[in-house]
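What follows is a single structure, written as structure tokens, with notes after it.
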Amino acid sequence: RWIANPENPLTARVAVNHIWARHFHEPIVDPVYDFGRNGGQPRFPELLDWLAVEFMESGWSMKHVHRLIVTSAAYRRDAETFPNNHANARIDPDNHFLWRTQPRRMEAEVIRDSLLQTAGQIDSAIGGKELSNSLAESSRRRSVYFETFPEVGGENAFVALFDAPDPCDCYQRSESMVPQQALALTNSRLSLNQSRLLAQSLTQRLGAAQSTDDPFIAVAFERILSRSPSDEERRTCRAFLESQRKIYLGENLKQLAAKRPKNTAPASSDPLIRSRESLIQALFSHNEFVTIR
């Protein structure tokens, strides 16, 4: 009763601070795990108290607070890059006052699930037993169903590269950018499989236009990056596809396909589709694919 008493604002303040941090990636009071006299001062004390009161008066409804945040002007602001001489950039270069949306990399599990979802391969079934991490690159199940524990083997290798959750410290997720992440998106069995499956699927979907590059480039950008390619990107992709086809025409693709690594999807023996598999793989490595804007 004392913890949830309206006369004790600490509980509501801590709760809304956590919720805010999940949406904006930075809490109002930092650090999120040490709320009190030993922690930092709130950046927006009036906002913290207003959200805390809303939380209590709504019957302690987290859904109400989530809805308030995601429908706010602060949450829906533009994430475009502004010039350094922009008035707000000069006053608040680190965006402490939320004058723009701060682009963030997706969480590790979301990246894995996005690869499967984009290729149309994800298993969206709800529930089921916990899965071994050894199946992470071959299974179509969502990442939430894989085991996580602090001992060795408690996280799958792909997710670990993108800052897997710490089962002993769940307050706030870390975010890093290291070269191994790009290598995983380029060379992992998961990325390779989904690239091949998606390239073959999009080519079939194009029907009569499947033999020309521009329609494929357009549909690949829309599917993976959720936008159309620029003229420069279209030219670059066209040149890339042509160069890849020249390489593959000089190789025995059927022989290469027979030597593919275990548990990988079969690569196409058609140089046209094989070059498109390479383009899809490159787009999966694009910064925009792994960034929430």
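Odds and ends about this structure:
- Here Arg140 meets the list (1) farther than 30 Å from Ala15 by Cα; (2) of a type in the set (D, E, K, R); (3) touching a Lys or Arg at 6+ places or on another chain (Cβ under 9 Å) almost entirely, failing just condition (3).
- Yes/no for Lys246 being assigned to a helix (DSSP H, G or I), at pLDDT below 85 and on the phi < 0 side of the Ramachandran plot: no
- When Ala209 is tested against (1) of a type in the set (Gly, Ala, Ser); (2) modelled with pLDDT of 90 or more; (3) closer than 23 Å to Ser243 by Cβ, exactly one condition is not met: (2).
- Residue in the stretch 159-178 that is part of a helix (DSSP H, G or I) and touching an Asp or Glu at 6+ places or on another chain (Cβ under 9 Å) present: yes
- Criterion applied to Arg227, Arg274, Arg260 was being under 30 Å from Val110 (Cα atoms) and modelled with pLDDT under 85, and the one residue passing it is Arg260.
- In summary, helices (runs of 4 or more DSSP H) completely within the stretch 29-132 and bearing 1 or more residues that are surrounded by fewer than 13 Cβ atoms within 10 Å (Cβ to Cβ), without any contact (Cβ under 8 Å) to a residue 12 or more places away in the chain and out of contact with any Gly (no Cβ under 7 Å at 6 or more places or on another chain) occur at 45-57, 62-70, 87-91.
- Annotation: of all residues in the stretch 143-158 being part of a helix (DSSP H, G or I) and touching a helix residue (DSSP H, G or I) at 6+ places or on another chain (Cβ under 7 Å), the one that is surrounded by the fewest Cβ atoms within 10 Å (Cβ to Cβ) is Val144.
The values are calculated or read from the model by the stated rules, or taken from the named source; none is laboratory data. It should be emphasised that the depicted structure is a prediction, and the values quoted were computed from it without experimental measurement. Cβ sites come from the backbone with ideal geometry, for glycine too, and all protein chains shown count toward neighbours.
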